[in-house]
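Right, one structure below, let's go through it.
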Amino acid sequence: MNHVFELEGVDYQLWLSRWQQGYRLHFGDEVLASLDLSHQGDGCGLLTIAGATEPVRFAIDGDTIHLHMRGRTRILRYRDPLSAHALVKKDAGLLVARAPMPGVVVKTSVSPGDQISAGTALMVIESMKLESVIRSPQDGVVDRIHFNEGESFEHGAVLVTITEEGH
């Protein structure tokens with residue numbers, strides 16, 4: 001699955017795959033480098049990228065990672081890939097939760113008319129034997145559930161429509 005990080009206002013979609021004792025870092029279809037992080041304790045570690053090892057200091061605050069390496073601090077913001085991909089403005093005051101991959105609805109956690117808060121689980125989906133939770137990025141009201149439990153859907157299908165509060 002892709003991971004989305006914001007660095008200096010730019011979103012980067014990356015993904016990791018297991019490789020030997022560490023990982024491979026992918027950007028699109030390209031393998032950028034082998035990657036490993038050895039945690040040394042107290043916010044310190046050794047980051048190995050393509051065989052070159054660098055000492056790093058880091059602090060994690062929720063979805064924000066402060067990484068200090070080579071005398072420079074970078075702030076990375078992790079964006080939940082399902083939320084980043086799945087929720088798109090449709091019209092003013094309306095959001096749609098789209099399927100980030102083809103799959104099947106395992107469980108629906110809300111009903112039309114439900115008041116929801118940011119982070120509320122809308123539904124659980126399954127794709128390639130992996131379950132994922134689709135969550136609301138903001139407060140609102142569930143307008144419509146487009147697929148029932150057990151129904152399959154394609155990539156990009158609208159799963160849930162949410163109305164912003166006050167609309």
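Which one of these does GLY9 not meet: (1) at pLDDT below 80; (2) surrounded by 13 or more Cβ atoms within 10 Å (Cβ to Cβ); (3) among the small types (Gly, Ala, Ser); (4) more than 25 Å from ILE125 (Cα to Cα)? Failing condition for GLY9: (2).
Restricting the first member to the range 27-54 and to residues that are more than 23 Å from ASP11 (Cβ to Cβ) and open to solvent by less than 60 Å² (accessible area, probe 1.4 Å), and the second to residues that are in a strand (DSSP E or B) and among the acidic types (Asp, Glu), the beta-carbon pairs closer than 6 Å and six or more apart or on different chains are THR48/ASP36.
In summary, strands (runs of 3 or more DSSP E) completely within the range 12-96 and bearing 2 or more residues that are at pLDDT 75 or above and within 16 Å of the chain's Cα centre (by Cα) occur at 22-27, 64-69, 72-79.
For the range 99-113, the count of residues that are open to solvent by less than 10 Å² (accessible area, probe 1.4 Å) and part of a loop (DSSP other than H, G, I, E, B) is at least one.
Taking residues in the range 131-155 that are farther than 11 Å from ILE116 by Cβ and modelled with pLDDT of 90 or more, and partners anywhere that are among the aromatic types (Phe, Trp, Tyr) and not in a loop (DSSP other than H, G, I, E, B), the pairs with Cβ atoms closer than 6 Å and at least 6 places apart or on different chains are PHE147/PHE153.
Looking only at the range 114-159, residues that are in a strand (DSSP E or B) and farther than 17 Å from LEU94 by Cα come to 12 in all.
The values are calculated or read from the model by the stated rules, or taken from the named source; none is laboratory data. What you see is a predicted model; the values in this text were computed from it and never measured. FYI the Cβ positions are ideal-geometry reconstructions off the backbone, even for glycines, and counts take in every protein chain you see. SASA here: full protein model, heavy atoms, side chains in, ligands and nucleic acids out. Shrake-Rupley method; radii C 1.70, N 1.55, O 1.52, S 1.80 Å.
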